[in-house]
Amino acid sequence: MARPKPWDVDDELWVAIKPLLPKVERRARHSGRKRHPDRLVFQGIVYGAFSPVPMAPSLHTVGGLSLRRG
C-alpha cells in the first residue's frame with residue numbers, strides 16, 4: 001500500500017476541523033458560482049504548507065503585486 005501524502009486530509013482530522021468552519025448557505029437569488037467543497041479547499045491549504053515552493057514567488061506568479069500588499 002502506498003504511503004499517504006502529508007496533505008491528504010483523513011476522516012479523523014476532518015471531523016475535528018469541520019465544526020470550526022462557518023456554514024454558508026447559497027442564496028436563492030443571485031447565487032453566483034457554486035462553492036468548492038470545504039474539504040478540498042482545506043486540503044489545498046495543507047498542500048500549500050507542505051509544498052516546497054516558497055510563498056512569495058508563488059504569489060507573484062499567481063496574482064501579481066495585489067496579493068502581496070500588506
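By the rule of a C-alpha distance below 18 Å, with chain neighbours fewer than 8 residues away ignored, the lysines paired with K34 are K23. Once backbone amide H atoms are built at 1.01 Å from N, W7 has no partners under 5 Å, excluding neighbours fewer than 5 places away on the same chain.
With θ taken as phi - 60° and the Karplus curve 6.51 cos²θ - 1.76 cosθ + 1.60 applied, the whole-hertz 3J(HN,Hα) list for region 13-28 is 5, 5, 4, 6, 7, 4, x, 7, 7, x, 8, 10, 9, 6, 6, 6 Hz, x standing for glycine and proline. Working from label points 7 Å from Cα in the Cα-to-Cβ sense, the A16 to R29 distance is 4.4 nm.
Since every read-out is calculated from the coordinates, none of them should be taken as a lab result. The model shown is predicted, which means the values in this text are computed figures rather than measured ones. Every residue, glycine among them, receives a Cβ derived from its backbone with ideal geometry; neighbour counts consider all protein chains shown.
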